[in-house]
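**Student:** Would you mind keeping the following structure in view while I ask a few things?
A short reminder: the numbers here are calculations on the coordinates, not readings from a lab. Every value quoted in this text rests on a predicted model; they were computed, and no experiment measured them. Methodologically, a virtual Cβ is constructed for each residue, glycine included, from the backbone with ideal geometry; neighbour enumeration extends over all protein chains shown.
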Amino acid sequence: MYEEDIEIEAEESGEPPAWMLTFADLVSLLICFFVLLYSMKSVDESIWKKISGSFAGALNYSQKFKEVTPNSDSGVEAEKILNSDGMEYIQSILMTKFEKEGLLDLVRFSRSETDNSLHVHIPASQMFVRDSQEITKRGEKVLTFLTETIQYIDDSLEIASYTAHDEQGLSIQKSMLRSLAVRDFILRKGADKAIKVFGFGSAEYDEMKDIMLPAELESQTVKLEFIIRSAK
C-alpha cells in the first residue's frame, strides 16, 4: 500500500520513477560499451604496423646499443669542470651572483695556501648599521647569495667578524654579536649546516692603524669574513 502511494505521488508530480532513471543509465552504458567493442574490432592494419614497428627496435634487447660520445666543445667544458678546483668553482658562482646584482666591488676573495680554504671579505659598513649588529638591506642581499650557494655543498662554513677599536674594551663582544646575527640570518634562510662563529674584535684594526690611512684602515680591517673550508 505504501509503495503504491509513492508511485501515485510520483505520477502526480510528473517525475519519472527511480527505476526508470536507473534503467536509462544502464542502457546508455551498454550502448557505449558496444560502440567501443565495435571500434576495437575494426583496427586499421597500416596504422597498427607503424606502431608495432616503432616499438620493435626499442624493445629489441639483443641489439647493440649505440655508444654516445660528447662533441669536442662539450667534452672540453666537461673536462674543465671535472678537473677544476672545488673552491674555484664556488668562487666563480659567488662572483657571478654578486656581479649580476652590482655588488662585486664590495666583495674581496682570497685563498689560503695551507688548507685551500676560500675567504670572502666584506666591509662591515656594507653589512651592518653603524655601531650595531643590525644587518642592512644590502647585507641581507649578500647573505642571501651566500646561503643559496653554501646550502648545496658539503664544505664547512665559518663566520668571523672584525670591529674597530672600542674605548670601553667591548670590541670582542660586539664582533661576536655580529657573527651570531649573521649566522642566525643564514639559518633562517634554510641553510642546514653547522656554522662556526668567531669574534676577533679590533685585532686587525689595532695591528694596522699605524700603517694604513684612516679610510683604507676601516674598509680593510673592520669587516665580515666568511671562510669556506673543504670537507675533504
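**Student:** Classify segment 75-229 from the C-alpha gyration tensor, please: rounded if a/c falls under 1.5, else prolate or oblate depending on whether a/b exceeds b/c.
**Tutor:** prolate
**Student:** Going highest first, how would you order 114-123, 129-138, 153-162 by mean Cβ packing within 10 Å?
**Tutor:** Ranking, from highest mean packing down: 153-162, 114-123, 129-138.
**Student:** What length, rounded to one decimal in nm, is gained on full extension from M95 through to D206, with 0.36 nm per residue of separation minus their alpha-carbon distance?
**Tutor:** My answer for the length gained is 36.9 nm.
**Student:** L217: net charge of surrounding residues, Cβ under 14 Å, Lys/Arg +1, Asp/Glu -1, itself excluded?
**Tutor:** Net of charged neighbours comes to -4.
**Student:** Using the beta-carbon distance between E167 and T136 and R0 = 30 Å, what value does 1/(1 + (r/R0)^6) give for FRET efficiency, to the nearest 0.05?
**Tutor:** About 0.75, to the nearest 0.05.
**Student:** Sticking with this one: Out of the DSSP beta bridges found with both residues in segment 75-229, what percent are antiparallel (nearest 5)?
**Tutor:** Antiparallel bridges make up about 75 percent of those DSSP assigns within segment 75-229.
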